[in-house]
Amino acid sequence: MGIWNMDIMLQTSFVKPPPTMQGTAHLYVANCGPDVGLAFSDIKKAFEIFGSVENVQLAGASGSRVYVSYHNVDDAVAARNAWNLKPCDALQGRVMVIQHAVPQTQSSVEEQVVFTSSADVGVPGLTLYTDFVTLSEEQELLREVDERSWQTLAKRRVQHYGYEFLYKTRNVDLSQKLGELPASLEPLLNKISLVPEIASAEEPTLPFDQLTVNEYPRGVGLSPHIDTHSAFEGSILSLSLGGPCIMEFRKYIKRGNSLVDGDAHTSTSISQQNDESNENAEAIVVRNDDSVPTGSVYIIRKALFLPPRSLLILSGEARYAWHHYIPHHKIDNVNGQVLDRGTRRVSFTFRKVRPGACNCPFIEHCDSQVSDAGELALQNEEIKESTKTLEELRSNDEIPKTPSEKQSMSAEMGNEPKHFNTTIPEIEKRYVHKVYNAIAPHFSDTRFAKWPKVAMFLESMEPGSVVADAGCGNGKYLGFNKKCFFVGCDISPPLIGICAQHGHEALVADALHLPYRTGFFDAGISIAVLHHLSNEERRLRAMEELLRVVRRKGRVLFTVWAVEQEDKKLLTKWTPLTCKYTEEWVDDTGAAFKRNLSMNSLKSIQEVESQVPTAIPSEDLKDSSTEGVRLSSMEKAAAAQQYILNEDLSTHDGKMKGEQQEYFVPWHLPYHRAEIAGASAAAIADGLARKDDVKRALVYNRYYHCFVEGELERLASKIQCARLVDHFYDKSNWCVILEKI
């Protein structure tokens, strides 16, 4: 095979300056670039207010971030001081995040021993053929896939042939065959069949019946994983086209255990090994959960350079027992040479679908042979790139050092409060959960704009940060910062289904009971969630729970709807809920009792006919949209409260007496929407929705507790483990940023 010329990939990039450096001539500018409507010439002209600009270039592939380089450091410092986090009149009033940057040198790239030959790596079953296809064959393969349609995931695009690989289950559905592999690949497949490792393979590999084509933009990698054992049999092959990359192979071994997963020559205890095969091993401590073995774990790391047009073969131990991983880098250091990955890398991954169970000898990693998920070590779990060593974890106080410390940390925050009522109030079940389940597709279609301050908060995250989005909805913020990892959750299964369709990491969960380890995330966001919780205890609990799963010094952003809406007319379109409601609920002893509800402590609403005041004229409970439709008692009560609002809570200038905070906010689901079919009659019969023939829509009511100025800060002040970093008003929302202490 030929030798690939690495010199052509040399290129300089930018990185953050060291903490000791006060300023540089180069600026990283976020929320600025072609994707937000700003041409390079306009950016250059604007920044030249402060001095001569040498160059403007994209910072990454998003199109919304740039690097601005000045001739003089003082000019760059002046520009940052004037415009960082402030409206810039010269650029359409845009608010930008501006940081200093420095040109990246060879020494600033992570140094790691990178092998260029698979024989030197020392992983059994790993084979690399360089120049497996010619340059013209590579160009033809890329042309063919570019003529076909792509499926867009969070950070990359994919195509599936034969069977679709389902990322949610990390498996395939044998009953859903897409067809045969493209006929144009026959020459390539014939060539592969002649490779000795395939032709003489002990485990059947041919014929391939599943192909996934992945397009990785510059800077996008692959999380560590082992392909699901039960999904595919035989060898797995990957043909690299376009750009190069480094692929790292990892083996995780529990401390005190022998090196399992293989042959007799690997049965020596890791503590007794001193040869070069273990030179990249490191010890980490992992907490007790279902994804990794309990206790101390060693990692053996091996890196292999994959040039364009090379064919990688994973067989035996390399396929079944080693995680493979591509770091999320734009450049790589290959034994002293800094190599740019190019604009994109495209991989063709060929696999053979397994018709039955796997009976491989690597039981610890085999989903077919280990039924207890708690004992399955690292089974298809995406180990985060930010895995830390024991020393790092202890120095950051991210894990307890002893069982008693672990208990202390758990008690500090996150355990169920002794008297916390875990029952979800009926008003939330009915007017939040049921409603969002019913309107999810339409709701998602209207939720794509990013709020400026939320975007700025996410852009400020360090690269590699793991961010929790509690109440993620349709996932519009998941993957917003391409340099971070996002995990979302929401209590609405249909909304999580939409997240999954877009390739996001998301699961169904209650924001008050997050299924995550304490201190796992680097940051968190809770966007437009707290105002759907119907009492202060639950709102406080949700804030404490998100802070629990964030590490110390990690920051969390909370946003809520404000009573002080920018558009004052909106309040007149909402149905106010007042303290005239009563409910039946259960105290800690199990006794039921009735109580009146203040506007600040609404828990749920008992649906009784007596809640409609008899003094209200019947015509005031009707309009053209409800004529001939039975109103639920809840909606009759809501209509009655609208009458009370008009009669009792308004002054002559239209301002309300007192502070109204509890509302039903309508959602209009157009008749033409697909989700109307079949569900509309049931929703009307249940009183969950009503018809509005004027607007030709079903109208659902959503429960909101709108916050007054200072209320969110007051709530945050009750949390002992956090300090208030910032509070502000943004787009009719009150917002706070808290830091865990």
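The values are calculated or read from the model by the stated rules, or taken from the named source; none is laboratory data. Quick caveat, the model's predicted, so the values are computed rather than measured. Because the Cβ atoms are built from the backbone with ideal geometry, glycine has one as well, and the counts that use them run over all protein chains shown. Just so you know, the surface numbers come from the protein's heavy atoms only, side chains and all, with ligands and any DNA or RNA stripped out. Shrake-Rupley method; radii C 1.70, N 1.55, O 1.52, S 1.80 Å.
Some observations on this one:
- Accessible area per residue, Å², the range 691-741 with all protein chains present, probe 1.4 Å: 43 Å²
- Solvent-accessible area per residue in the range 14-103 equals 48 Å², computed with a 1.4 angstrom probe and all protein chains kept.
- Per-peptide packing, taken as the mean over residues of other Cβ atoms within 10 Å, places 487-494, 550-557 in the sequence 487-494, 550-557 from highest down.
- Distance violations [Cα-Cα > 25 Å] among K44/K155; K482/K553; K453/K553: K44/K155
- Segments 180-187, 538-545 sorted - mean Cβ within 10 Å per residue, highest first: 538-545, 180-187
- Whole-number Å³ per residue for the convex hull built on Cα positions in the range 14-103: 81 Å³
- Carbon/sulfur fraction of accessible area - the range 14-103, other protein chains in place, 1.4 Å, %: 52 percent
- Within the accessible area of the range 138-250 (1.4 Å probe), percent carbon and sulfur: 51 percent
- Report note on the peptides 193-205, 715-727, 70-82: ranked by the mean count of other C-beta atoms within 10 Å, highest first, their order is 70-82, 715-727, 193-205.
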